């Protein structure tokens, strides 16, 4: 008898939380229109971090089970029960890299990419155009402007890889940019930018990174690292050793 050698996949904490909430919707314990408990209460009750709860809710938003109303909270959607019956648990594992995992990788990689780009110290007209486009967007933004700003953010960070002149780094930055285009990441990322001033601050950080690179200033690495730390704070996501912590 042949035995499959496919390795087991570790289920992340936020996926387990999403599966638990999905099961509660199926069982009728969370009916349509029901307001979910706060992130704090869910985290306390499930003994997980608030970041894991936030990612779980973001994942359920992507599959149409939950909707978040600014200033009010998260609610079970009108179509949630039907969608829950059609949603397999495996569908909640389709996003192999959750936002926390993506940020872990970016924090380990992108500051070094900025430092490498600074060694070449060359301007990049495409990066300058992207920054100018993002500067023209209002803050707070309409949904369409927010989507355009997020797309510019993704393109800008990919462009830093191009500025290194290294084809391997470019390919890795392309992969990260692709993951930043996933609905799960975009949902949480866009939600993190709705507070007034955040887009302008991120834009200023982008400009600092770019100008340091062009000037050949090694501070580009520090600016990139601090920028990503702020992204994590605004997204309210845990670090690499904190996902299961209450």
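The values are calculated or read from the model by the stated rules, or taken from the named source; none is laboratory data. None of the values given here were measured: they were computed from a predicted structure. Note: ideal-geometry Cβ built from the backbone for every residue, glycine included; neighbour counts use all protein chains shown.
Filtering region 73-106 down to residues that are assigned to a loop (DSSP other than H, G, I, E, B) and under 24 Å from the mean Cα position of the chain (by Cα), which residue is modelled with the highest pLDDT?
77
Could you figure out which of (1) within 20 Å of residue 224 (Cα to Cα); (2) touching a helix residue (DSSP H, G or I) at 6+ places or on another chain (Cβ under 7 Å); (3) surrounded by fewer than 18 Cβ atoms within 10 Å (Cβ to Cβ) isn't true of residue 183?
(1)
Would you be able to say whether some residue in region 49-63 is at pLDDT below 85, outside any helix (DSSP H, G or I) and under 30 Å from residue 181 (Cβ atoms)?
Yes; the residues of region 49-63 include at least one that is at pLDDT below 85, outside any helix (DSSP H, G or I) and under 30 Å from residue 181 (Cβ atoms).
Got a number for residues in region 12-36 being loosely packed, with under 14 Cβ neighbours inside 10 Å and free of Cβ contacts under 8 Å to residues at least 24 places away in the same chain?
Residues flagged as loosely packed, with under 14 Cβ neighbours inside 10 Å and free of Cβ contacts under 8 Å to residues at least 24 places away in the same chain within region 12-36 amount to 3.
Mind listing just one residue for me: the one in region 146-171 that is more than 19 Å from residue 58 (Cα to Cα) and surrounded by fewer than 16 Cβ atoms within 10 Å (Cβ to Cβ) and, of those, nearest to the chain's Cα centre (by Cα)?
Of everything passing the filter in region 146-171, 171 is nearest to the chain's Cα centre (by Cα).
If you check 216, 203, which single one turns out to be on the phi > 0 side of the Ramachandran plot and modelled with pLDDT of 90 or more?
Of 216, 203, the one residue that is on the phi > 0 side of the Ramachandran plot and modelled with pLDDT of 90 or more is 216.
Wholly within region 107-222, which helices (runs of 4 or more DSSP H) include no fewer than the required count, namely at least 3 residues that are under 30 Å from residue 66 (Cα atoms)?
Once the helices (runs of 4 or more DSSP H) in region 107-222 are filtered for at least 3 residues that are under 30 Å from residue 66 (Cα atoms), what remains is 143-163, 167-179, 183-191, 198-214.
Taking region 110-145, which residues are closer than 14 Å to residue 164 by Cβ and surrounded by 17 or more Cβ atoms within 10 Å (Cβ to Cβ)?
Within region 110-145, 110, 111, 113, 114, 115, 116, 117, 118, 124, 127 meet the criteria.
What is the residue count in region 18-37 for residues that are on the phi < 0 side of the Ramachandran plot and in contact with a strand residue (DSSP E or B) (Cβ under 7 Å, 6 or more places away or on another chain)?
Residues flagged as on the phi < 0 side of the Ramachandran plot and in contact with a strand residue (DSSP E or B) (Cβ under 7 Å, 6 or more places away or on another chain) within region 18-37 amount to 7.
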